[in-house]
1. For the protein assembly as shown, what are the per-bin percents of Cα-Cα distances with bins 20 Å wide, up to the bin holding the maximum?
2. Relative contact order of chain B: what whole-number percent is it, with Cα pairs under 8 angstrom and at least 6 residues apart?
3. Round to the nearest 10 and give me the degree value, 0 to 90, for the angle of helix A:208-237's Cα axis relative to the longest principal axis of chain A.
4. Sort A:292, A:409, C:138, A:371 so that the residue with the fewest other Cβ atoms within 10 Å of its own Cβ comes first and the one with the most comes last.
5. What is the diffusion coefficient of the stretch A:227-266 in µm²/s, taking the Kirkwood radius over Cα pairs and the Stokes-Einstein relation at 37 °C with a viscosity of 0.692 mPa s?
6. If you average the C-alpha positions of the stretch A:351-417 and of the stretch B:293-334 separately, how far apart do those two centres end up, in angstrom?
7. Give the separation of the Cα centroids, the stretch B:230-273 to the stretch C:13-52, in Å.
8. Let me see the P(r) profile for chain B: every Cα-Cα distance counted, bins of 20 Å, each bin given as a percent of all pairs.
C-alpha cells in the first residue's frame, strides 16, 4: 500500500461523504446523520431544548468529531479497497491507449487505423514486435506472444491458427512471425476493457449474500434506532432526560458500524484477491458461488496428472533379465525426444544405466508413426530395436517369424489392470519385455483432494482413458468419482445431474467443446490459452491457464464469506461491552445505583461514552487489513471451522472491546479529559 | 428447595419430556392425514364440516391464500364476538343479569381474544354472562389457538417440502384432534379437584362470621381446560388461576401448568417428524428448554429469598407471598408462572405486579423472546425466525452462503425474518414510549418508580407477544389502553405470522442443497450453543436499556430499601 | 377472497356449535352427573344454611373468636372501597416490591395482630399472614399462622389452648395428592370445626 494510494483514498473518503453516496450504505448513513445532529448541537447545545451547562458544547464537539472520523474511516476502507483495483486498471489502460492497427482492405492492401475503430469481423495483420490491437482469432500464421501485460507471466506463449490456441488478446505483444487476425469484439467490449471495468469495481454490484446481509444490517440498525429513540421518554419518566449527543453516541455504538463500514471493502478485496491470483472473475457473484461449490469437475490430463505418461518399471518376459530389457529399452529410446522416450532413459539412468548417444551416431532413428505404432532405431548392423503398442509388436514379431513369449499377455494385462500403459520392447524378432508407462499424479494433489473432501467438496475426474486406467488414477489421486472415456456431452450430463440435486458445480476448461459445460457450471473457469468461445462461456478466466487453480478459487470464495461472517459476528459481539460502558453512564443521574453495572469502572459518564465511541471508530481502521487480507483460512470441516472462528471472532468480539474501552478510558483520564 | 417444589417441578418437566415424542408423532399423523385412533369418534364430524363448507384435505393453498383465510376468518370472529358481547344482556344464560359491554371494551376484548392474547380489561365474574363466557370467549379460546397452530403447521409442511395444506382443514383438525379430546379429559380432572362446572346462578352465602358472600360459579372447568390447552390465558374471573374457583389445589395447578405446555412442546417434535430431522427438533427443544429452566430459576429463587425490605421487619419467615396463594407453594407458583410466560398463555396463579424485580425479569424474558416454546405453532415460528437469523449471521463463518434444511437463505428470507424480528420490539418500545409520553397513558400507572414503567412496558409486551397477562396494577380499562393495546395485539399477531408464512413458502420453492461436511450442521450441541447465545445477545441488545430502567433499577432501589 | 366467504363463515358457525355450545353443555351435564358436589362449586351447609364454598376464603377478621385468613385486597365493585374476600371481584393488591403502601400495610397488619393477640411477637408471625393473596380469596393459612392465633381465639371462645391446638392439628391438610404444594389449613374448615365445638 503506497503512500500515494493512502492519500488518494483519504481524499476519496471525504468525497464519499456526499449523502447521495452514503445512503447506499444505510448503517454508515445513520452515523452521518448523527454527525449532522451533533454538529448542530455543538453550535447550539440547546437547539433541541434543555438548558445544558457550558461544558456540554465541548462534549458535543468531541462526539461530533468522533462521528465524522467514524464515517471517514468507513469511507476510507472502501476507498482503499477500490484504490488497489484502480491502480491496476490504470496500468492496463496505459497498455490500451494509442494502439494502431493494420486493417485488411483487399488483396495486399492494409490501412493504418486507430485500434478503437476496429469492429467485429475486421481482419488485421500484426507483425513481429507490434502490439496486437484487439481481441481476435488467429486466421493464419503461428507466432509467440508476450502476454505479460495481462497475465504478468513473462514467458511468451504460442498462438496460431486452428485448434485451441488461436485466441489472442488486445494489448499483448507479438514477438515473432506475422499473424492474420479476425477481430472478435467491438470497441469497449474487449477483454482488456472488461478487465479494467472489473478491477476498477465500476460495474460492481452487490452480490446476493452481500445484499442479504445488508438487509439484515439495515434491520438491526432500525431496531437500534427504535431502542435509542424510545430511551428518551423512558428516562424522562424515570426522572431525568438524557442528552441527545449521548443518545446518538449510544446509537452509533450499537448499530453494526464495523461490518457496515467494511462490508463493501470485503467484497472488493475478495475480487481483488482473485485478480491478484491471476484469475479474472467476471462478477462478484461467481466468487461467492465458488465458496458454495459442492462438486469440482477436473480434467485428468494436465490437472490431476502431469500430462504425460512416464516409464516407471521394466517388466521382463519369458525368463529374461531386467538388465537386458533395460538396455534394449534405452536403445530404442535413445533418439526419442518424446516425454515417454525421455522418461525411459531417465528411469534407466536412475538404475545406473547410461548409454552414450555418440556410440550409436550411425544408427538410423525410426520415428513413431500412427501406421506402425512403434518407434526405435535400426543399428548399423541392421538390427532392429523397437518399442511400441503390444498388439502391434505382436503382429510384427509374428511377421518376422518370431514367437510370442507365453507370459507376455499375462504381464500386459497386469500392467493394464494397474492403470498403466505397457510398451513392448523387441530386438530383432524377440520380445524382451515391457516398459511400464504410468500416469503420474501431480505431487500434492492427493492431499488437496483430501482437504476438499473435508470441506465437503466432491471431486470428479474426467478422462478419455478406459475405465480400468481411469479407476487406477482416480484411486491414486484420491478423487471421489471419475468418468472414463468422457466425451464433452458426458461432462454436461454430469453437471446437470449434480445441479438437479441442488449442488453447485465448478469446472475448468479451454476447448470450444467445453464452452457449453463452462456456461452450465456455476463456476466455469476458462483457461486464458483457450478459445474465445470458452472464455466467453466461463464466468472466470485464469490468465495463467492453470486448471488446478479452481481449488484456490474455491478457497478464496470461502474466505470471502468467512471474512464477512467473522466481522459481522465481531461487530455484534462488540455491543455487549459497549452497553456496559454506556448504559450506566447514561442513566447515572436517573438511577444512580445502576453504577453497579459499570463493571469496567470507567472514570466518568462522559469518559465512558467517549471511550466506547472512540473504540467503535478505531476498530474500523484496525480491521481494514483483515478485511483486505481476509480471515486466515485453512481447509477443515464446517464444525471445526465454526468453532475456530466463533472462538476468535465471537468470543474475541465480546472480550476485546472490554479491554479496548478500558484502555481508552485510562488514556482519556490520564490526559485529563474525563471531566469534560 | 422444598421437597414439594422438587416433586412439582420433576412431575411437570417429566410429563413434558415424556409426552413430546408421542404428541409430535401423533400430530404428524393427523396433519399428514394418516389414520389415528380418533378417526372413529371425529372422522365423520370433520368430513361433514368439510362437505358443508366446501373444502377438502387435498385443496392446498398458497401462502397468500392461507394468510387471507387466516386473517379473514379471524375478522369474522372479531365481528361475531364484538356483536355478541355488546348484546349479552338480551342473550340467554345470563343469571346475574349482566349488561351489554360498551363499544371500547367490546372491541378490546374481541380483538384480544381473537388474537389469542386474552388480555382482559374487565373482571369476568362481574362483567360477563355465562353465554359470553362459554358461547363467545371460551369458543374463541378453542378456535384462535387452533388458527395460530394451523399457520405453524402450514409452515412446518413447507419446511418439510410439502404443500402448505388448507387452512380450514387444519383449523378444524387442531380443534377436533388436539384441543377437544384433551379439553374433555382436563375438564373432568379439574371438576374432580373442585372447579365448578354448572349453569346455576352465583351462590349467596351467609358466613359463620355473620356476613354475606356472593360466590361466583359457572361452567368454569371447561373454560379452564381450554384456557390452558390453547395457551389462551383469559381468566373466567379477574384473579384468573389464582382464584380458588379456577385453580383450587396444588394438583389442579400442576394439571393447568402441564396443559399449557403439552402442545407447544410437542410441536417441536412434530417439526422433527415432518422434516425427518428429529435431532434438530431435539436441539431446538434443548435451546428452548434451557431458556425455560433459566426463567424458572429466576422466577423462584428471588421469591424464596424474599423482599429485603419486608425481611428487615423481622417476621418469622421470609419469602415473598404478596399476591401469591398459599396452596400452590413457591414451587408450584413459580413453575405455573414460568409456563404461562414461556408458552405465552398469560393466565396467572399469582399477581405478577407483586413479584420481585428479578422474577419480573423472567416474565419479560419469556415475552421478549416469545419462543421459549411459545404458543403452539406461533412460538415455533418465532424459534425458526431466530434460527434463520442466527444461521445467517454465524453461518457465513463456515465459508458457505448460509442454508437451513438444505435451503439457501437469501435476501428474501432474510428480509422476511428481519421483519418478523423487528415488529416485536417496535410494538413494545414505541407503544411504551407513546404511553409514557402521554398523560392518558400515565394515568393507568399504579405503582411508583421503575415498577410503574414496568407496568406500562409489561402491558405492551404482553399485547405484542399475545400473552395476555399483566402487571395488574395498570389501569387497562382506560380508553387509551383499550385502543392502543387492541391495535398492538392485532399487529403483533398477524404481521409476524404472515411474514413467516411467506418465508416458509419461499423456502419450499427452493432447491434442496445436499448436506456435506462443509455444511453448518444445525442439529449439534455446538449449534444449540450458538443459537442460545445469539438469541440472548440479540434480545439483550434490544431490551437492555429498558430493562435497566425497569426491573434492574427496581432491583437496585429495592436493595437500597427505597420506597415509592 | 369472495370464494372464501363460505368456508370462513361456515367453519365459524359449525365449530361454534361444536365447541361453543355442545362442549360446555355436555361437560356441564356429565360433571353434574358424575361429580355433582364439585360441579356445583363445593357448597358448605350448616344446618341447611349455605355458609360458603369449600375452596373460597372468607373474611373472618371482624370476629376475633374465629381464626383469620390471609389479608385480602379485594374491593367493592360499587364503591371501590376495600371489601376483603369479595368473591364477586377477585383481585390482588398489585403492590410492587418497592411500594410504600405494601410496607405500611404489612406494618399495620403486624401491629394489629400484636395488639389483638396476647403474647405474640413479630418474630412469630409468618410472612404469609401479613401479605395479601393473589385472588383475595385464599382459603388457606399455614399451620404456624393458625397456631399463633390460638391465644386470641382462646381468649374470646374460652376454649383451652390445648383443645384449640388439637383442633388445628386435626384440621391440617397435607400436600395435594400427598405430594404437591404445602401443608396448610383451610380456614373455613377449621372455623367450622370450631363452630361445631362451640355449638354441640
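1. So the P(r) values, bin by bin, are 9, 28, 28, 18, 10, 5, 1, 0.
2. Numbers: 1012 pairs, mean separation 101.5, N = 564.
Relative contact order of chain B: 18 percent.
3. 10 degrees
4. On the way: A:292 24, A:409 13, C:138 28, A:371 7.
With the fewest neighbours first, A:292, A:409, C:138, A:371 line up as A:371, A:409, A:292, C:138.
5. Approximately 287 µm²/s, per Stokes-Einstein.
6. 100 Å
7. Spelled out, the Cα-based centre of one part sits 20 Å from the other.
8. All Cα pairs considered, the percentages come to 22, 57, 20, 1.
Read the figures in this text as sums done on the coordinates, not as results from a lab. Predicted model only: the values in this text are computed from it and were never measured. Counting neighbours? That spans all protein chains shown, and the Cβs are built from the backbone with ideal geometry, glycine included.
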